[in-house]
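Engineer: Sharing a structure with you now.
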Amino acid sequence: MFSIKIQTAPFSQKEIKQKLPAHNCGAIVSFIGIVRGFDEKEPLDYLYLEHFPSVTEQEIERIIQLAKNRWDIQSCHVIHRVGNLKIGEEIVLVLTAATHRKAAFEATEFIMDYLKSEAPFWKKEFFKNGQSRWVKAKQSDLNEKGRWSNND
């Protein structure tokens, strides 16, 4: 089972885990991203995310397919929130089930690295000082994705 959801509402990891197949699954790895309260220097008030409906889901589906081509994963669920997000709120969930733990860990990390660098989301940071700015791609995120480039 593979699913992708883009939503404004909070998500429940427990609810998603209950849908995972129990047979042939030796490991489940989950990653939850949280909205940090700062950028490099300034305290953040909140974060705003937008996306391009259907295009974003198609890109995430492509990323999951790349992971499926590399690892024997039985299930993957990606939920990404958009809209206004407060500090400390969950922003993304990647939940991957595989026969073996290494595949589950690596596939989850791969998917997150690609989400950070290739999924069409646009982030705007709103700071406590009243200023705001659109977030540019970070070289560190591109470097992380580059670790996987030998077989894309």
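Engineer: Condition (residue is acidic (Asp, Glu), surrounded by fewer than 16 Cβ atoms within 10 Å (Cβ to Cβ), under 26 Å from LYS17 (Cα atoms) and touching a Leu at 6+ places or on another chain (Cβ under 9 Å)) applied to region 88-107: is it met by at least one residue?
Structural biologist: yes
Engineer: Another question, if that's okay. Can you find a residue that is small (Gly, Ala, Ser) and within 16 Å of the chain's Cα centre (by Cα) anywhere in region 112-123?
Structural biologist: The answer is yes, given that some residue of region 112-123 is small (Gly, Ala, Ser) and within 16 Å of the chain's Cα centre (by Cα).
Engineer: Scanning for something modelled with pLDDT under 95 and assigned to a strand (DSSP E or B), does region 98-106 turn up at least one residue?
Structural biologist: yes
Engineer: If you don't mind, there's one more thing I want to ask. Output the residues belonging to region 119-150 that are part of a helix (DSSP H, G or I) and either among the basic types (Lys, Arg) or closer than 19 Å to ILE34 by Cα (or both).
Structural biologist: SER140, ASP141, GLU144, LYS145
Engineer: State which residue is nearest to the chain's Cα centre (by Cα) when the search covers only region 4-32 and only residues that are within 16 Å of LEU115 (Cβ to Cβ) and surrounded by fewer than 16 Cβ atoms within 10 Å (Cβ to Cβ).
Structural biologist: Here the residue is ILE32.
Engineer: Go through region 33-55 residue by residue and tally those that are surrounded by fewer than 13 Cβ atoms within 10 Å (Cβ to Cβ) and either touching a helix residue (DSSP H, G or I) at 6+ places or on another chain (Cβ under 6 Å) or of a type in the set (A, V, I, L, M) (or both).
Structural biologist: Residues meeting the conditions: 2.
Engineer: Here is a further query. Would you be able to say whether some residue in region 128-138 is of a type in the set (Val, Ile, Thr) and under 15 Å from the mean Cα position of the chain (by Cα)?
Structural biologist: Checked against the condition, which is being of a type in the set (Val, Ile, Thr) and under 15 Å from the mean Cα position of the chain (by Cα), region 128-138 yields no hits at all.
Engineer: Still on this model: Pick from TRP148, TRP71: which is touching a Ser or Thr at 6+ places or on another chain (Cβ under 9 Å) and either at pLDDT below 95 or surrounded by 19 or more Cβ atoms within 10 Å (Cβ to Cβ) (or both)?
Structural biologist: That would be TRP71, the only listed residue that is touching a Ser or Thr at 6+ places or on another chain (Cβ under 9 Å) and either at pLDDT below 95 or surrounded by 19 or more Cβ atoms within 10 Å (Cβ to Cβ) (or both).
Engineer: Looking at the structure I just gave you, is LEU44 closer than 24 Å to ASN143 by Cβ and either modelled with pLDDT under 95 or touching a Ser or Thr at 6+ places or on another chain (Cβ under 8 Å) (or both)?
Structural biologist: Taking the combined requirement at face value, the residue satisfies it.
Engineer: Return the residue satisfying two criteria in turn: it lies in region 115-130 and is under 15 Å from LYS145 (Cβ atoms) and touching a Leu at 6+ places or on another chain (Cβ under 7 Å), and of such residues it is surrounded by the fewest Cβ atoms within 10 Å (Cβ to Cβ).
Structural biologist: By that ranking, first place goes to SER117.
Engineer: Another question about this same structure. Scan region 63-88 residue by residue and report those that are among the charged types (D, E, K, R) and in contact with a strand residue (DSSP E or B) (Cβ under 7 Å, 6 or more places away or on another chain).
Structural biologist: ASP72, ARG81, LYS86
The values are calculated or read from the model by the stated rules, or taken from the named source; none is laboratory data. Please read these numbers as outputs of a predicted model, since none were measured by experiment. Using ideal geometry, Cβ is built from the backbone for each residue, glycine included, and neighbour counts are taken over all protein chains shown.
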